[in-house]
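A short worksheet on the structure shown next.
The values are calculated or read from the model by the stated rules, or taken from the named source; none is laboratory data. Since this is a predicted model, take the numbers as computed values, not measurements. Cβ placement follows ideal geometry from the backbone for every residue including glycine, while neighbour counts extend to all protein chains displayed. What goes into the accessible areas is simple: the full protein's heavy atoms, side chains included, and nothing from ligands, DNA or RNA. Shrake-Rupley method; radii C 1.70, N 1.55, O 1.52, S 1.80 Å.
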Amino acid sequence: MSEIKPRDKSKKRNAILDAAIECFVEQGFERTSMDYIAEKACASKRTVYNHFASKELLFNAVIGRFVVANEEQKQIDYNPDTSLISQLRQFAQLKISISEDAKQLSFMRMAFGVLLTHPEIAEQVMQNTDKSEDGLHNWLQAAVDDGKLLINDIALAAEVFWSMFSSTFFWMALLQGPQEKARCELLTQEFLETFLAKYQVV
């Protein structure tokens, strides 16, 4: 007698999240129905509600998945044998890659409109975001412990770094589209050199 394997709920959950992204981008948050999401996900409405009790919770879960994926990519280990600028470039590339992801940008444009008009959703999103771990913070601390960087406030230094790249490669991409490749490379090099001029031990 063959063993009955449990259904892969995570696979179905991800299918619903993928469908939700497509529906939200296509129709916007207000016009998208759970029925339409279920249809796109090739799932029953009951299955969708079993995973997400409301459209608001489903929307929040989509945002959460983006946040988790972003934070997982930031978990870059410090390497004492590799140049600081090349390692920091890996963190910078994370922001640049988001600006080059048309699907994610389209969703984020729509999402910010939702967060502005639904403060209760925005509050929940911010609570989830605040719980995420910034891998750059850990990397900077390791570089300080190794004597390569001199930083009195790690959190502030991480904020400065992300502010430089977010304003140019994320917010500008949302408003105007991604930067040209040559411009990206020029600005990235300038930002990295500026950051290291402030904190690198010479």
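Using a probe radius of 1.4 angstrom, the carbon and sulfur fraction of the accessible surface of the chain is 53%.
Grab the beta carbon distance between Leu57 and Leu156, set R0 = 30 Å, and tell me the FRET efficiency rounded to 0.05. Walk me through the numbers before you get to the answer.
Working: r = 34 Å, r/R0 = 1.14.
FRET efficiency, Leu57 to Leu156: 0.30.
When the surface is traced with a 1.4 Å probe over the full set of protein chains, Met108 keeps roughly 30 Å² accessible. Assuming charge only on the beta carbon of Lys and Arg (+1) and of Asp and Glu (-1), the dipole of the chain about its Cα centre is about 800 debye to the nearest 20.
Once the piece of chain linking Gln127 and Gln75 is laid out straight, how much longer is it, given 0.36 nm per residue of separation minus the C-alpha distance between them?
Value of the extension gain: 16.7 nm.
If you wrap segment 35-91 in the convex hull of its Cα atoms and look at it from every side, the mean projected area works out to 5.5 nm². Per-residue ellipticity at 222 nm from helix content only, as computed over the chain with -39500 (n - 2.57) for each DSSP H run of at least four residues, stands at -23500 deg cm²/dmol. Debye calculation, C-alpha points only, no solvent: report log10 I(q)/I(0) for the chain at q = 0.07, 0.14 Å⁻¹, in the same order as the q values. Debye intensities relative to I(0), on a log10 scale: -0.28, -0.90.
Separation of the alpha carbons by more than 30 angstrom is noted, of Lys103/Lys148; Lys11/Lys95; Lys11/Lys181; Lys11/Lys55, for Lys103/Lys148; Lys11/Lys181. Backbone phi angles across segment 102-108, fed through the Karplus curve with coefficients 6.51, -1.76 and 1.60 (θ = phi - 60°), yield HN-Hα couplings of 4, 5, 5, 4, 4, 5, 5 Hz in residue order; Gly and Pro are listed as x. Mean separation of Cα pairs under 8 Å and 6 or more residues apart, divided by the residue count, gives the chain a relative contact order of 23 percent.
The residue list Leu186, Leu88, Gln141 was ranked by how far each Cα lies along the charge dipole of segment 67-199 toward its positive end, using unit charges on Cβ atoms, and Leu186 comes out on top.
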